[in-house]
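Here is the structure we will look at, set down as structure tokens.
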Amino acid sequence: MTNPRSGADILADTLAEFGVRVVTHVPGEGILEILDALASRAPQIRLASFRHEAGMAFAAQAIGQLSGTPGICLAARAPGALNTCLALHTADTDSAPMILIIGQAPTETAEREAFLGNEFHAAFGPLAKWVAQIPDAARIPEFLSRAWHTAISGKPGPVVLVLPEDVSLQQKVAPSLCAPRRAVASVDMADAHAIAEALSRSERPIVWVGGTGWTSQGIGDLVKVAERYQVPVVTSYRRRDLMDNGHSHFGGEVGIGIAAPLARRFEAADLVLVLGARMGELNTFGANVFKGFSLLRPPKPACKLIHVHPGEGELNNAYQADLAICARPEAVLAALVLIADERRGRDASCTDTPSATEIARSTWVASTRRERAQFVATGECPGPVDLRAVYAHLRERLPDETVVTSGAGAYAMWPQRYFPHRLPNTQLGPKSGAMGYGLAAAIGAALQGSCDRPVAIAGDGCFLMHGEELESAVRLGLRLLVLVANNRAYGAIRASQQRMFGREVGTRLGSVDFVAYATSFGAMAWRVTATDEFAPALDAALSHDGVSLIELVLPDTLTKPVQS
Ligand SMILES: Cc1ncc(C[n+]2csc(CCOP(=O)(O)OP(=O)(O)O)c2C)c(N)n1
Ligand SMILES: [Mg+2]
């Protein structure tokens, strides 16, 4: 464009040119010009105002994770901006692309301890992939393009752009740009053949998938690889949606709460092929131990380890892989499908008698599946509300594409065990362990249009960390459902205190009337005190064209499911 425009207009135009459809925010000093400019791009860009910066940033994180392109949020100067820290940390741990744009005090006040100012490089440097202050309105498209690329490339994550007020006001000529496409590292065919060979020679392999940005082609190829090579597939913590949990080759989920038989499978495995997953502490918890790096022994596990990840910084960290490949997992899966098809064509004329290795591998797949089926069919839930029945019924009633979110707490381990996912991008749960995430993430999913009615599952503690966003959801006219598992306690922490000290300190919570709380914001709400009250409450909640909440009244002592 050849006409001078204000910095705020250049930013709004560039976001529109990049295809951004939603910008979340809490208004305030430093971003008033930007909000005003964005308001004139409606309805192409929807501005969604939140009650708390954590809420708007969690929502942007969710949009980024679901869409694969950066979720965009706007925060006012220091107090607003600094409220987003946990959401940035969550975007980092969850590999979710997002861009936080912060209004900054005018440049003329630099180094004078400006009111509401902050040195954002120092504050956000450890949390974001890149923090940059834009010095000139003419360079806004350039900075946004680089921020976009940085957020989606390698291991996706959060980027922070700081825009001083005077730069928003500058009148400059700036270029028009399109959003940069993800630069995809492809895989060397020799490496792909080496992986195919390792899978074919293995008797007890595990394919472990994780990470974000998966294409539908990649999800389809994953199933083909599982079936053609006869391998069980497990997912990273809170990425159970990467494979249909009902598939004959789905073996479960690693991370906190891993099923004991699955952990034993890792001890017995002769090959672990990791595709897109991060091999940090969270994903390597052992069974019944709150401790990472137990699933596989660092730095060199007993089995052969092949690790594929698009971010080179994720490779050869705590674990040294026998083969470390910097590539998108989908590229490797596509190559493996190709190799399997070629082999099938070549071997078509030969007799189809399976080798001893192939028989061993099929037996391994079937027994992994049997153990998984047993894990989800067993266990008990004491008290008048049987959470097993609640989640079974919820699964039955919700469409497969429903996005289900959660935060942190013992309550989240019930859906983890008893609520299966069938489609990709239907699960959002913070790998950071951020309480208060679920409702805001569900709002993000609703704004993104990922499904008709996202469902947030929260504990009483977790929900009230950002329950105020119910008002945002009602005001924004969204359809969503919140389940609050109310045990009047920080139950997960109380359980740890009981285990470690034999007593509890500061983990008992007061009684809250969640139905009155929700209705005060304009939502509809129901209380469930016995299992058979859940189905009618859910019917009513799902027939409400707006925000619904169901409080599940649980025993004080109820925490996570007990592993058998
Ligand atoms: C923001 C934040 N603060 C503190 C914690 C520590 N923490 C983890 S779980 C938990 C209790 C969660 O309580 P609730 O949501 O009621 O679930 P419950 O464990 O009772 O099922 C706490 C305090 C955390 N993970 N995140
Ligand atoms: Mg609780």
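The values are calculated or read from the model by the stated rules, or taken from the named source; none is laboratory data. In this text, all values refer to a predicted model and were calculated from it rather than measured experimentally. All Cβ positions, even for glycine, are placed from backbone atoms using ideal geometry, and neighbour counts span all protein chains on display.
Return the residues of segment 432-461 that are among the β-branched types (Val, Ile, Thr) and within 21 Å of Ile493 (Cα to Cα); say none if nothing qualifies.
Ile457
Kindly evaluate Tyr490 against the criterion of being of a type outside the set (A, V, I, L, M), under 18 Å from Arg238 (Cβ atoms) and modelled with pLDDT of 95 or more.
On the way: of a type outside the set (A, V, I, L, M): yes; under 18 Å from Arg238 (Cβ atoms): no; modelled with pLDDT of 95 or more: yes.
Taking the combined requirement at face value, the residue does not satisfy it.
If you check every pair at least six apart or on different chains, which have Cβ atoms under 9 Å apart with a residue in segment 473-494 that is in contact (Cβ under 8 Å) with a residue 60 or more places away in the chain first and a residue that is of a type in the set (D, E, K, R) and near ligand 1 (Cβ under 7 Å from one of its atoms) second?
Short answer, once both residue conditions are applied: Val484/Asp460; Ala485/Asp460; Asn486/Asp460; Asn487/Asp460; Arg488/Asp460; Ala489/Asp460; Tyr490/Asp460; Gly491/Asp460.
Tell me, which residue of segment 545-561 that is assigned to a loop (DSSP other than H, G, I, E, B) and among the charged types (D, E, K, R) is farthest from ligand 2 (Cβ to nearest atom)?
Looking at the filtered set, the residue picked out is Asp545.
Would you check if Thr519 is surrounded by fewer than 24 Cβ atoms within 10 Å (Cβ to Cβ), closer than 29 Å to Ala91 by Cβ and free of Cβ contacts under 8 Å to residues at least 24 places away in the same chain?
So Thr519 fails the test.
At least 1 residues that are more than 27 Å from Ala185 (Cα to Cα) in each: list the strands (runs of 3 or more DSSP E) lying fully within segment 240-350 that qualify.
In segment 240-350, the matching strands (runs of 3 or more DSSP E) lie at 250-253.
Looking only at segment 482-505, count how many residues are crowded, with 22+ Cβ neighbours inside 10 Å and more than 7 Å from ligand 1 (Cβ to nearest atom).
So the count comes out to 5.
Can you pull out the residues in segment 199-222 that are polar (S, T, N, Q), assigned to a loop (DSSP other than H, G, I, E, B) and closer than 27 Å to Ser355 by Cβ?
Scanning segment 199-222 gives a single hit, Ser202.
If Ala516 satisfies all but one of (1) within 12 Å of ligand 1 (Cβ to nearest atom); (2) modelled with pLDDT of 95 or more; (3) assigned to a helix (DSSP H, G or I), what's the number of the condition it fails?
It is condition (1) that Ala516 fails.
Of everything in segment 482-522 that's closer than 19 Å to Tyr437 by Cα and of a type in the set (A, V, I, L, M), which residue is nearest to ligand 2 (Cβ to nearest atom)?
Among them, the one singled out is Ala489.
Please tell me if Ala535 is surrounded by 19 or more Cβ atoms within 10 Å (Cβ to Cβ), in contact (Cβ under 8 Å) with a residue 24 or more places away in the chain and within 28 Å of Ala445 (Cβ to Cβ).
When the stated conditions are applied, Ala535 does not pass them.
Condition first: of a type in the set (Val, Ile, Thr) and surrounded by fewer than 18 Cβ atoms within 10 Å (Cβ to Cβ). Now tell me which residues in segment 377-428 satisfy that.
Thr378
Residue under question is His89, and the condition is that it be more than 28 Å from Pro4 (Cα to Cα), out of contact with any helix residue (DSSP H, G or I) (no Cβ under 8 Å at 6 or more places or on another chain) and modelled with pLDDT of 95 or more; does it hold?
Here the answer is yes, as His89 does meet what is asked.
Within segment 146-176, how many residues are within 29 Å of the chain's Cα centre (by Cα) and over 30 Å from Val231 (Cβ atoms)?
Pass one, segment 146-176, residues within 29 Å of the chain's Cα centre (by Cα): 146-163.
In the following step, the residues that additionally are over 30 Å from Val231 (Cβ atoms) were identified as 146-151, 158-163.
Looking only at that region, the number is 12.
Suppose we keep only residues that are assigned to a loop (DSSP other than H, G, I, E, B) and crowded, with 24+ Cβ neighbours inside 10 Å within segment 443-481. Which one would you say is nearest to ligand 2 (Cβ to nearest atom)?
Ranking the candidates gives His466 first.
Can you pull out the residues in segment 92-113 that are over 20 Å from Gly438 (Cα atoms), surrounded by fewer than 24 Cβ atoms within 10 Å (Cβ to Cβ) and touching a helix residue (DSSP H, G or I) at 6+ places or on another chain (Cβ under 9 Å)?
If the condition is that a residue be over 20 Å from Gly438 (Cα atoms), surrounded by fewer than 24 Cβ atoms within 10 Å (Cβ to Cβ) and touching a helix residue (DSSP H, G or I) at 6+ places or on another chain (Cβ under 9 Å), then Ala105, Pro106, Thr107, Glu108 are the ones that fit.
All but one of (1) touching a residue at least 24 places away in the same chain (Cβ under 8 Å); (2) under 30 Å from Pro70 (Cβ atoms); (3) more than 16 Å from ligand 1 (Cβ to nearest atom) hold for Gly449; which doesn't?
The one condition Gly449 does not meet is (1).
In segment 162-198, what residues are aliphatic (A, V, I, L, M), in contact with a helix residue (DSSP H, G or I) (Cβ under 9 Å, 6 or more places away or on another chain) and not in a loop (DSSP other than H, G, I, E, B)?
Val162, Leu163, Val167, Leu169, Met189, Ala192, Ile195, Ala196
Which of the residues belonging to segment 386-438 are within 12 Å of ligand 1 (Cβ to nearest atom), in a helix (DSSP H, G or I), of a type in the set (Ser, Thr, Tyr) and within 25 Å of Ala287 (Cα to Cα)?
Tyr411
Within segment 527-544, can one find any residue that is more than 16 Å from ligand 2 (Cβ to nearest atom), in a strand (DSSP E or B) and in contact with an Asp or Glu (Cβ under 8 Å, 6 or more places away or on another chain)?
no
It is to be established whether one or more residues within segment 542-558 are over 21 Å from Leu476 (Cα atoms), small (Gly, Ala, Ser) and out of contact with any helix residue (DSSP H, G or I) (no Cβ under 9 Å at 6 or more places or on another chain).
no
Would you point out which residue out of Ala356, Ala360, Ala335 is crowded, with 20+ Cβ neighbours inside 10 Å, out of contact with any Lys or Arg (no Cβ under 7 Å at 6 or more places or on another chain), over 30 Å from Asn487 (Cα atoms) and among the small types (Gly, Ala, Ser)?
Just one listed residue meets the conditions, Ala335.
Identify the residue in segment 7-57 that is among the hydroxyl-bearing types (Ser, Thr, Tyr) and in contact with a helix residue (DSSP H, G or I) (Cβ under 6 Å, 6 or more places away or on another chain) and, among all such residues, is nearest to Ser406 (Cα to Cα). Full working, then the answer.
Taking segment 7-57 and keeping what is among the hydroxyl-bearing types (Ser, Thr, Tyr), we get 14, 24, 40, 49.
With the extra rule that they be in contact with a helix residue (DSSP H, G or I) (Cβ under 6 Å, 6 or more places away or on another chain), the set shrinks to 14, 24.
Details: Thr14: 33, Thr24: 20 Å.
Looking at the filtered set, the residue picked out is Thr24.
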